[in-house]
Amino acid sequence: MEPNLILTGFMGTGKTTVGRLIAQRLDRQFVDTDQWIGDRAGKTVQQIFAEEGEDRFRAWEAEACEALSEPQGLIIATGGWTLGSQNNREALQRGGCVICLWAELDEILKRLPQTGERPLLAGGDREVRVRELLQKRSEVYRSFAWQVDTTKRDVAEVLLHVMALYGSVSQLNDPDTFYVPMGERGNAVLLGAGLLDSLGPVLSARGLRGTVALISDSNVIEHHGERVFRSLALSGFEVRPVRVPAGEESKTLEMAGGLYEQLVQGGLERSGVIVALGGGVIGDLSGFVAATYLRGVPWVNCATSLLAMVDASLGGKTGVDLPSGKNLVGAFHPPLLTVSDLTTLHTLPEREFQAGLAEVIKAGLIGDAELFEMIESGSTEVQEIIRRSIKVKVDVVREDPFERGRRAALNLGHTIGHGLEAASQFLLRHGEAIGIGLIAEAKIAERLNLASRGLSEHIEAVIAKVGLPTRYAYLETDAIVRLMRSDKKKQLGRLKFALPRGIGDVAIGVDVPDELIREALEAVCDAP
Ligand SMILES: NC(=O)c1ccc[n+]([C@@H]2O[C@H](COP(=O)([O-])OP(=O)(O)OC[C@H]3O[C@@H](n4cnc5c(N)ncnc54)[C@H](O)[C@@H]3O)[C@@H](O)[C@H]2O)c1
Ligand SMILES: [Zn+2]
């Protein structure tokens, strides 16, 4: 049976009006959950609220969602807060594709009738109530991957966008969606095969229009530039491709400066959008440019390397390197959306895939022992591996969106790893350096009796198993330590380590004596 189309969103966004019209167009059955409840309860939603209370109404909603969870080709409009419940959300998603309609506060106020039937608005100042409710709920609305902004659009336009989006994304094989909660700037993350071919309708439905600067690197643009260009152009965007040389060497202020000029010349205004298409380098660089160009423009991060999918594209950190260290200049500027299209991994060189696995192993060590075991046993379930890694990172970011505490756990392997990466002058790939860093830091944890003996060997075996180096060719220890110190993750001049206590458990903020750092480095060095 055809999947259902489920329209959700705040009151006044037009779910019912648009849903009815689509049902007519497609000759499908329309179901309004409030109506469904009213029919079964034998009274209106207002009466249920007044006589039995909100809880009883929410119970009815749960029943409705269960009953409507089969794919039957239905067009469903939910109540404004039906999908505030995760269970309801999962139930309806089983049956089809959920599209969230959005509108700005002023527009909602204009649309809501002055008197009437909205039980949640009863009593008090209406505008204040609407503002409060919208504020409280907007994070949930933002967490839906498929969004149609209805602000300043009439019903006919909204209808077209919903239809185009539904037509495009209902072809997809059920992508996973996640939400990186960063308050007002939280963003949805999509993971699935073929997503890049739907990018145009997805962005245009979100209300983006005009010029798109498509920033990519010389490798990725060859393989995937065309499909992204086509999808965006077909949805009416003026696409300006911008090509950057591949590699970490491009993550500099000079490169950012050159990009600003190209964006000016390409006519990118504040109403435009930057689309980053590439690995972590392109994401960090484009995100940084998006954070600073014209004091900030929106951007979308299309991650094409394993490392970017499981790590770099999540959490809103953007930045560039300085000659004295990595990521020393940057900004928190989360993208509107992160899109990880699994088909791009087909062209990713093996060595890069392996480098990404280092971050996967890190994710397992931080918070998912089963993920660690999957890698250990040679699992080839790529989507599941990425899904689990994303979940670890998103859970940490949820606890600490702006890196004040727990988020430091994500630095596992990175204190030493970044020092090695820089000392090798980037001959070691980021992921390769992190792999060695994980082993060395586990050795430190053992020496500090944080971890039991054998942990570092266990980690080393897994790093070796995926084909990553477990030792670095000789680099000067002093240079590594100096570069570690200029890395930004220190406090008051002291290096603070995140160290493994076991698989799936990390200690943060650990002081490590200098001689232990040196000892661990020497243990993972192939002496000349
Ligand atoms: N912002 C963050 O939170 C964060 C987190 C972790 C890492 N990072 C940064 O990410 C960067 C490393 O990311 P990376 O390993 O993706 O590096 P990268 O962007 O340089 O990509 C690695 C290589 O793979 C190529 N490539 C990428 N996708 C491809 C594809 N689908 N097909 C063919 N070739 C492809 C690239 O051209 C490049 O040569 C580092 O600069 C690191 O600091 C940032
Ligand atoms: Zn990393």
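Does L450 satisfy being surrounded by 19 or more Cβ atoms within 10 Å (Cβ to Cβ), under 27 Å from the mean Cα position of the chain (by Cα), part of a loop (DSSP other than H, G, I, E, B) and not aromatic (F, W, Y)? Break it down into steps so the answer makes sense when it comes.
Numbers: surrounded by 19 or more Cβ atoms within 10 Å (Cβ to Cβ): yes; under 27 Å from the mean Cα position of the chain (by Cα): no; part of a loop (DSSP other than H, G, I, E, B): yes; not aromatic (F, W, Y): yes.
So L450 fails the test.
Could you list, in sequence order, the residues of segment 290-312 that are in a helix (DSSP H, G or I) and either near ligand 1 (Cβ under 8 Å from one of its atoms) or among the hydrophobic types (A, V, I, L, M, F, W, C) (or both)?
Those that are in a helix (DSSP H, G or I) and either near ligand 1 (Cβ under 8 Å from one of its atoms) or among the hydrophobic types (A, V, I, L, M, F, W, C) (or both): A290, A291, L294, L306, L307, A308, M309, V310, D311, A312.
So which of G319, G315, G287 is within 16 Å of ligand 2 (Cβ to nearest atom), in a strand (DSSP E or B) and of a type in the set (G, A, S)?
G319
Quick check on this structure: which one of L294, L259 is touching a residue at least 24 places away in the same chain (Cβ under 8 Å), hydrophobic (A, V, I, L, M, F, W, C) and surrounded by 15 or more Cβ atoms within 10 Å (Cβ to Cβ)? Outline the logic, then answer.
Values: L294 fails: surrounded by 15 or more Cβ atoms within 10 Å (Cβ to Cβ).
Unique residue meeting the criteria: L259.
Out of segment 322-344, which residues are outside any strand (DSSP E or B) and within 17 Å of the chain's Cα centre (by Cα)? So that I can check it myself, show each step before the final result.
In the first step, residues of segment 322-344 are kept if they are outside any strand (DSSP E or B); the result is 323-324, 333-336, 342-344.
Passing the criteria: H333, P334, P335, L336, L342, T344.
For segment 319-331, enumerate the residues that are within 10 Å of ligand 1 (Cβ to nearest atom) and modelled with pLDDT of 95 or more.
G319, V320, G330
Can you pull out every residue in segment 359-375 that is of a type in the set (D, E, K, R) and either more than 9 Å from ligand 1 (Cβ to nearest atom) or not in a helix (DSSP H, G or I) (or both)? Reasoning before the result, please.
Within segment 359-375, the first condition is being of a type in the set (D, E, K, R), and the residues that meet it are 359, 362, 368, 370, 373.
Hits for segment 359-375 are K362, D368, E370, E373.
Restricting to segment 423-437, and then to whatever is more than 12 Å from ligand 1 (Cβ to nearest atom) and closer than 13 Å to R471 by Cα, can you tell me which residue is surrounded by the most Cβ atoms within 10 Å (Cβ to Cβ)? Spell out the reasoning first.
Within segment 423-437, the subset more than 12 Å from ligand 1 (Cβ to nearest atom) is 423-425, 427, 435-437.
Still in the running and closer than 13 Å to R471 by Cα: 424, 435-437.
Details: S424: 18, G435: 33, I436: 26, G437: 29.
The extreme case among them is G435.
Taking the options D176, D154, name whichever one is among the acidic types (D, E) and in contact with a strand residue (DSSP E or B) (Cβ under 9 Å, 6 or more places away or on another chain).
Working: D154 fails: in contact with a strand residue (DSSP E or B) (Cβ under 9 Å, 6 or more places away or on another chain).
Of the residues listed, the single one that is among the acidic types (D, E) and in contact with a strand residue (DSSP E or B) (Cβ under 9 Å, 6 or more places away or on another chain) is D176.
Which ones in segment 219-247 are surrounded by fewer than 18 Cβ atoms within 10 Å (Cβ to Cβ), touching a Gly at 6+ places or on another chain (Cβ under 9 Å) and assigned to a helix (DSSP H, G or I)?
Those that are surrounded by fewer than 18 Cβ atoms within 10 Å (Cβ to Cβ), touching a Gly at 6+ places or on another chain (Cβ under 9 Å) and assigned to a helix (DSSP H, G or I): R230, A233, L234.
Here are some residues: A363, A408, A442. Which one is crowded, with 17+ Cβ neighbours inside 10 Å, among the hydrophobic types (A, V, I, L, M, F, W, C) and within 13 Å of L307 (Cβ to Cβ)?
Checking each option against the conditions leaves just A363.
Return yes when G356 is in a strand (DSSP E or B), within 26 Å of L499 (Cα to Cα), in contact with a helix residue (DSSP H, G or I) (Cβ under 6 Å, 6 or more places away or on another chain) and among the small types (G, A, S) and no when it is not. Talk me through it step by step, then tell me what you get.
Values: in a strand (DSSP E or B): no; within 26 Å of L499 (Cα to Cα): yes; in contact with a helix residue (DSSP H, G or I) (Cβ under 6 Å, 6 or more places away or on another chain): yes; among the small types (G, A, S): yes.
In short, no.
In the set V162, V98, which member is surrounded by 15 or more Cβ atoms within 10 Å (Cβ to Cβ) and either at pLDDT below 90 or not in a helix (DSSP H, G or I) (or both)?
V98
Mind listing whichever residues of segment 391-406 are more than 10 Å from ligand 1 (Cβ to nearest atom), touching a helix residue (DSSP H, G or I) at 6+ places or on another chain (Cβ under 7 Å) and not in a loop (DSSP other than H, G, I, E, B)?
Result: V392, D395, V396, E399, R406.
So which of E352, E370 ends up being in contact (Cβ under 8 Å) with a residue 60 or more places away in the chain and not basic (K, R)?
Exactly one of E352, E370 is in contact (Cβ under 8 Å) with a residue 60 or more places away in the chain and not basic (K, R), namely E352.
Scanning segment 49-66 for residues that are aliphatic (A, V, I, L, M) and at pLDDT 95 or above, which turns out nearest to the chain's Cα centre (by Cα)? Write out each step before concluding.
The initial filter retains those residues of segment 49-66 that are aliphatic (A, V, I, L, M), namely 50, 59, 62, 64.
Then drop every residue that is not at pLDDT 95 or above, which leaves 59, 62, 64.
Numbers: A59: 32, A62: 28, A64: 30 Å.
Per the criteria, the residue is A62.
The values are calculated or read from the model by the stated rules, or taken from the named source; none is laboratory data. Owing to the predicted nature of the structure, the values given are computational and were not obtained by experimental measurement. Note that we place each Cβ from the backbone using ideal geometry, even for glycine, and neighbour counts take in every protein chain shown.
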